[in-house]
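The values are calculated or read from the model by the stated rules, or taken from the named source; none is laboratory data. Predicted model, so just to flag it, every value in this text is computed and none were measured. Note that we place each Cβ from the backbone using ideal geometry, even for glycine, and neighbour counts take in every protein chain shown.
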Amino acid sequence: MKYSFRAYDRSGRLVSDAIDALSKADAQEQVRRRGLFLADLSADDKALPAAAARAGAGVGGRTARLKNVSVMVRQLSVLVSTGTPMVEAIASLERQLPPGDWRRAVEDIRSRIEQGAGLSAALEHHPRYFDAVARSLIAAGESGGQLDEMLRRLSTLIRQQIKVRAAIVGAMVYPCLLITVCIGVLATMMLFVLPRFEGLFETLNTPLPPTTLIIVELSRFMRAWWWAILLAAVPIIVAARLWLATTAGRSWLHATLVRLPQFGKLFRAFATARVCRVLGVLLDGKVNLLDALALAKESTGNVCYERLLARAEQMLTRGENLSTALAGTPLVSDTVVEAVRSGERSGQLGPVLLSLAEFMEEDNEIILRSLSSILEPLILIVLGCLIGFVAVSMFLPLFDLATATGPGGRG
C-alpha cells in the first residue's frame, strides 16, 4: 500500500514524501530508518503517480533507470555467486549510491528482504525500475536455485536494451541536428535578412520574379503573425501528444511506423529481435511458454506486436505451435518463423531464439548505420536546396537589375 507522510529531519526541515509499505507499522519503521522524525502518516493511493513521477525525474529517464538497474543486477550476480548473503550484498551496493530516489528504492528493497521477503517480492514494489520480465527471471532463479545465473542473464538483457537505444539515438542525433540548424537558418533569413532587402526591392521599381514574390509574402506573413503561429503550434503539439498517449493514437503511430518504406522494415526488425531475446531469456530460464509470451507482450512497447503475441497466446492454448502462430503476418519474417519451427522440433527453442536475436541485432546495427549514412547526405542536399532557393530568390532581382543596366541593357 502507498503511504504519504510528513516528517522532520535532524536540521528541523519539513520533509513530505510517499513510500510503499506492507502496513502502517512498516511505513513508520521505514521513515525512522531514514533518520526522520515522523509528524503525520496516512494511506494515500493517489500518492503513487506523484512518487513514480519523482522517481523518473530523479534518475533522468528510462535509459538512466536501465543503467542503474543493470549495474545493480550485474554486481548482485557476482556477489551472490561468491556466497554473499542477499541482505549484505544489497547493503554493500546501497553504500555506493549517492542520495536520491534510486538509493531510497534500493534501501527499501533491502528493508523488505530483512523482513523476510524474497528478492522478487521486494522488487514488485518498484515496478518503475524492475519490470515484469526482470521480476519473473529473478523469481525463476530463486525457485530453481540459480539466482546468480538469472541475474547474469537479466544484466545481459538490460545491457543489450541499452545498447539498442544508444544505437538508435546515436544514429538520429546528427540528422536531427542538421534539421534544427537548417530551420534556424531559414527562420533567420525570413525574419531578419529578407526584410532588409524589401526596401531595396521597392527602389528597383521593376516587377519581382515569382519566386521572390513568394518568399517576400511568406516573410511578411511570418513577421506579422509569428505570435499566432506560436499560439497555434502549442495546442496542436499538446493535443497530438495527448492523442498519441491514447490507445487509438498509439495504435495508429505503431502501425504507421512498421509500414513505412525502408524504415518500417527496420522497425519490424528491431521489435522482432526484442521479442526473440526476451522470449529466449525467459524460456532458457525455465519459464513456461505461455507465461513467457505474456511477459514478452508487456515488454514489446509496440501495440502491433502486443496483438500478435496475444493472438499467439490464444493459439497456444488451443494446442498449436508458436511457429504457426507467428506465420502469415508481415510483422515476423519467414526466416524467423522457420528458425522458431526448428527450435520447436529440436526442443531447444530458448537457445535458438537467443541466437536468432543476436544475429538480428548485429544485422540491425549494420542496417541502421547504412541508413544513417544515406540519410545524412540526403538531408544535407534537401536542406541545401531549400536554403539555396531562398538565397537565389533574394538576389535574383539584383541580377536582373545588373543585366538591365549593363552593356547592351536598357540602362
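Only one of ALA64, ALA121 is modelled with pLDDT under 85, surrounded by fewer than 21 Cβ atoms within 10 Å (Cβ to Cβ) and more than 16 Å from ARG33 (Cβ to Cβ). Can you tell me which?
None of the others qualify; the one that does is ALA64.
Matching residues to (1) charged (D, E, K, R); (2) touching a residue at least 12 places away in the same chain (Cβ under 8 Å); (3) crowded, with 21+ Cβ neighbours inside 10 Å:
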position: ALA240; (1), (2), (3): no, no, no
position: TRP243; (1), (2), (3): no, no, no
position: THR247; (1), (2), (3): no, yes, no
position: ARG268; (1), (2), (3): yes, yes, yes
position: GLY280; (1), (2), (3): no, yes, yes
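Suppose we filter region 240-255 for residues that are part of a helix (DSSP H, G or I) and within 15 Å of GLY301 (Cβ to Cβ); how many remain?
Of the residues in that region, 8 qualify.
Any residue in region 316-337 that's over 23 Å from VAL258 (Cβ atoms): show its pairings with residues that are among the charged types (D, E, K, R) at Cβ separation under 7 Å, as long as the two are six or more apart or on different chains.
Taking only residues 6 or more apart or on different chains, the pairs are ASN321/GLU344.
Could you list, in sequence order, all residues of region 92-102 that are crowded, with 16+ Cβ neighbours inside 10 Å and farther than 26 Å from SER299 by Cβ?
Hit for region 92-102 is GLU94, nothing else.
Sort through ARG112, ARG62 and tell me the only one that's charged (D, E, K, R) and more than 24 Å from the chain's Cα centre (by Cα).
Answer to the selection: ARG112.
Where the second residue is among the basic types (Lys, Arg) and modelled with pLDDT of 85 or more and the first is crowded, with 18+ Cβ neighbours inside 10 Å and lies in region 155-168, which pairs have Cβ atoms under 6 Å and are six or more apart or on separate chains?
SER155/ARG74
Which condition from (1) at pLDDT 90 or above; (2) under 27 Å from GLU202 (Cα atoms) is the one that ILE236 breaks?
(2)
What number of residues in region 377-399 are at pLDDT 80 or above and either of a type outside the set (A, V, I, L, M) or within 12 Å of ALA171 (Cα to Cα) (or both)?
6
Just to confirm my filter: which helices (runs of 4 or more DSSP H) fall fully inside region 302-353 and include at least 3 residues that are closer than 20 Å to ALA255 by Cα?
In region 302-353, the matching helices (runs of 4 or more DSSP H) lie at 303-317.
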